[in-house]
Amino acid sequence: MDIPSTARRFLCVSLLAAGLAAGLAAGDIAGADAGVSRVEAGLPDEVEIWRLVEAREGRVIEAYGRSVLPRLAAMYRGADEEGRAELAAVFYQLRWKSEELRELLMADLDTQDQSLRVTVQYALGRVSNDDVVVEALLETMTSDPSPLFRDKAGCGLAHDQVHLTEAQRVRLYGRLIELMDSDDAETRSLASRVLHAHTGQWKGYHAGLRPEKRRESLERWSAWLEEYESQLE
Amino acid sequence: MAGRVRVTARVAILAVLVAASLVASEEAAFTPLAAHFFDGEEAPTTGPDTFRIWEKARGTVARSSHFRWSGAWSVEIRDEPGNGDFPELQGYFQLQGEGRLFAHFALMVADPRETFNVALAGPGWFRLAPDGLAFWLENREDGLVHVSDSIPKRLFRLEPFTWYVFDVLYDVEAGTYELAIYREQDEQPLVALVDQPNAASAPGSRVDKVSFIGDRGSDVSKVVYYVDDVVIGADRALDPPPFVAPGRRRLFVETRGAHVGIEARQFLCFPVVDSDDLGVPAESLAPGDLARFRPPPRPSPENGDENPLAAAARSWVTACSSLGRRDFAGARSSLAAARETLPDARLFALTELLLRGRAGETDGLTDAISELEREWAADPRLAVARSMAMAAAGRWDQAVAAVRPHFTMGAVQASPEEEVLERLVTDQLYYLLIGAGRNDEALSVVGDRRSRDPASWLEREGDVHLLSGDPAAALETYRRARAAGNENRSILLREADAAYLLGDAAAERSLRESIYGSLSRDR
């Protein structure tokens, strides 16, 4: 199946600087968790890796296998904010699950550097399915003082939680349905749009409807969630 | 042949059931839209009206005689992990927007723990959305599921090297389906479901394709599975047009010609050229201000202190993008924001009319364009807009007349802005002349512009030759276009048309299969 990523990416990257958008839109590298290195000549040095990172050559980096991951992590620790944003964009492309990368990215979840922060919010779900990631993004989406960061946390929840198990996915949906009952209209809107991104459905919900209309829709969503949960038993 | 007889009998039974279940007043009918048994001495024909093969990286799609449900061959789909993509067999049929669609196929997997996906989808492709995924099966490590109402619902665990037959009866308007699954040699179905909401619970979701792939992006599947006897039908009397060439019911030049691309761009935003377009004095613009009106939209500053011109630019560019996606509500909203900031921007007023045209709201459109013409004088963009409205109404000769005065043979443009406008006019004129069947005049236009951009104008010249019934001239011209640097791969398909019309079946096949793939590598 052609799964057109460009259509779904438009709204979530439209507010990013062109360079970052170009980097993210370069496409995912389907992660090879088997991670066997395909490059006979050995790992590249840091200079070469930086060259590949800045050129968004995720496929070339991927070809080295997961053995290059410690080097990437070390580079992240030593880099400035701009460098860390570049590396986070590559982590996004690689889709390699890594507790080490998750910890590094989580440490930047409070940065006010716009480029780094948004890239980290997108990349976290690409390196981890730890529950703390979803919780952190939900927290950002509902409480961060910055509307940009709130919106982009929603994008990350909508499109980038690629390692979630089915059970985790259902828990996320449950949290979103709860948030669709929030008193805050923006929270309701973001939550419903994230849920729509996952399901393709509104079930008659809109964040701006009167409470009684929203309640009718939320009942439909709750019934839907119940049925989904029953499939996990 | 036993399998084939079995399949044929089942197809016939289902056709009868479909017919019998129709409302009494309706005429019972069944039309096969696609039937692929993958047999025969030569591999079946790929094309836009049959099927297409994707074999990217190390995955493969090939005929196999090792395992088949009927006849001598099936198709083996083999995925390989870690190569960044998945193999695909994608079949096409006439778009169905009403009535019921019947889909039947047989499938066998070597290792049921490996992931694969099967789907019926529409023009929205393989997304959970209206006109996207209608029916979706996914085999996972813990069993087969069908995705209904956006919920993966468990079916059962497949057994290795065991054929299963799937029958789907999809009610397009209701957005629901019936699903029956038979294990080989069993008369009773393993699964018999009715009234299942389609994948995204979207009534009216149309369908025009069926797809068989490995996994859908995680790239860890090593699945090997076999597909056979793919039959798609409709429960109404339809009269699909006949095949005019291998794999296609229309020549590629009619569906992929350069004029088709221009048609798709009708009623899209026109470029901003100068300060008059924005209704502001030229002296008020800073360097780079006009460039803001080119996509992509630039981000708004976090502190909310934005230059109003920049805000208007962002809103207008966003509106244009929405217009391209036919999100008319989004386009209107963004355009309204832009017009609030720059109410005198004549280009925004024109964009409003283009939006109406693209939305099909053509009543009074040409009158509204005439009103703008009184303010703008002889701006070619208005002439192009008028020609779009005429063409949409099928008034091709009037459309040509609207834009023709703005085309000058041999003209050389003095500035980049004039070049942009000149290209707009020339592209539109070319498209209109083709639409009006005035091929000789189209050739004159092409010939006049060829020296400026040989790669693209030679491609167009090739199309005109083909549409005019001169495939030899078309073939030679397409080759010259490629030699001039045209990298548009769809030229190869139009060369396939020319080769076919010249009677060169081998060349036609090779060119067509360079895009649509081939099952001719048998296992």
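Quick notes on this one:
- Unique match (being at pLDDT below 95 and of a type outside the set (Ser, Thr, Tyr)) among B:ALA180, B:ALA258: B:ALA258
- Of the candidates B:TYR182, B:TYR177, the single residue that is under 11 Å from B:PHE135 (Cα atoms) and not charged (D, E, K, R) is B:TYR177.
- Residues located in the stretch B:150-199, provided they are touching a Pro at 6+ places or on another chain (Cβ under 7 Å) and assigned to a loop (DSSP other than H, G, I, E, B): B:ARG157, B:LEU158, B:GLU159, B:PRO160, B:GLU173, B:ALA174, B:GLY175
- Taking the stretch B:470-519 as the range and being exposed (fewer than 15 other Cβ atoms within 10 Å of the Cβ), under 18 Å from B:PRO246 (Cα atoms) and not aliphatic (A, V, I, L, M) as the test, the residues that pass are B:GLY503, B:SER514.
- Check on B:ARG356, assigned to a helix (DSSP H, G or I) and at pLDDT below 95: no
- Among (1) touching a residue at least 24 places away in the same chain (Cβ under 8 Å); (2) under 22 Å from A:TYR173 (Cβ atoms); (3) of a type in the set (Asp, Glu), the one test that A:GLU135 misses: (1)
- Filter result for the condition that a residue is under 30 Å from A:TRP50 (Cα atoms), of a type in the set (Lys, Arg) and touching a Lys or Arg at 6+ places or on another chain (Cβ under 8 Å), over A:ARG71, A:ARG95: A:ARG95
- Any chance B:GLY217 is within 25 Å of the chain's Cα centre (by Cα), outside any strand (DSSP E or B) and either modelled with pLDDT of 95 or more or more than 14 Å from B:LEU137 (Cβ to Cβ) (or both): yes
- Residue within the stretch B:141-149 that is within 14 Å of chain A (Cβ to nearest Cβ), under 30 Å from B:ARG250 (Cβ atoms), modelled with pLDDT under 95 and not in a strand (DSSP E or B) present: no
- Residues in the stretch B:382-424 that are among the hydroxyl-bearing types (Ser, Thr, Tyr) and more than 23 Å from B:ASN439 (Cα to Cα): B:SER415 only.
- Here B:ARG381 meets the list (1) out of contact with any Leu (no Cβ under 8 Å at 6 or more places or on another chain); (2) surrounded by 19 or more Cβ atoms within 10 Å (Cβ to Cβ); (3) of a type in the set (Lys, Arg) almost entirely, failing just condition (1).
- All positions within the stretch B:437-456 that are touching a Phe, Trp or Tyr at 6+ places or on another chain (Cβ under 9 Å), surrounded by 18 or more Cβ atoms within 10 Å (Cβ to Cβ) and among the small types (Gly, Ala, Ser): B:ALA442
- Of B:GLU306, B:GLU340, all but one fail to be on the phi < 0 side of the Ramachandran plot, in a helix (DSSP H, G or I) and touching a helix residue (DSSP H, G or I) at 6+ places or on another chain (Cβ under 9 Å); the exception is B:GLU340.
- In the stretch A:61-100, the residues that are at positive phi and buried (at least 19 other Cβ atoms within 10 Å of the Cβ): A:ARG95
- Among the candidates A:ARG56, A:ARG126, residue that is at positive phi and basic (Lys, Arg): A:ARG56
- When the stretch B:105-126 is filtered for residues that are crowded, with 20+ Cβ neighbours inside 10 Å and within 12 Å of chain A (Cβ to nearest Cβ), the ones remaining, listed by number, are B:PHE116, B:ASN117, B:VAL118, B:ALA119, B:LEU120, B:ALA121, B:GLY124, B:PHE126.
- Cβ pairs under 6 Å, 6+ apart, first in the stretch B:500-521 and over 15 Å from B:GLN90 (Cβ atoms), second modelled with pLDDT of 95 or more and not in a helix (DSSP H, G or I): B:TYR500/B:ALA245
- Listed by position, the helices (runs of 4 or more DSSP H) enclosed by the stretch B:414-523 that each have at least 3 residues that are in contact with a Leu (Cβ under 7 Å, 6 or more places away or on another chain) are B:439-449, B:471-483, B:490-501, B:505-516.
- Some residue of the stretch A:132-139 being hydrophobic (A, V, I, L, M, F, W, C), part of a helix (DSSP H, G or I) and surrounded by fewer than 17 Cβ atoms within 10 Å (Cβ to Cβ): yes
- Failed criterion for B:LYS222 (all others in (1) in a loop (DSSP other than H, G, I, E, B); (2) free of Cβ contacts under 8 Å to residues at least 24 places away in the same chain; (3) farther than 28 Å from B:PHE102 by Cβ; (4) not aromatic (Phe, Trp, Tyr) hold): (2)
- Identity of the residue in the stretch B:71-104, among the aliphatic types (A, V, I, L, M) and crowded, with 22+ Cβ neighbours inside 10 Å, that ends up nearest to the other protein chains (Cβ to nearest Cβ): B:LEU89
- Members of the stretch A:155-212 that are over 20 Å from the mean Cα position of the chain (by Cα) and in a helix (DSSP H, G or I): A:GLU178, A:ALA185, A:PRO211, A:GLU212
- Candidate set from the stretch B:154-210 (those that are away from chain A (no Cβ under 14 Å) and among the hydroxyl-bearing types (Ser, Thr, Tyr)); member that is farthest from B:GLY99 (Cα to Cα): B:THR162
The values are calculated or read from the model by the stated rules, or taken from the named source; none is laboratory data. Not measured: the values here are computed from a predicted model. Neighbour counts run over all protein chains shown; Cβ positions are idealised from the backbone, glycine included.
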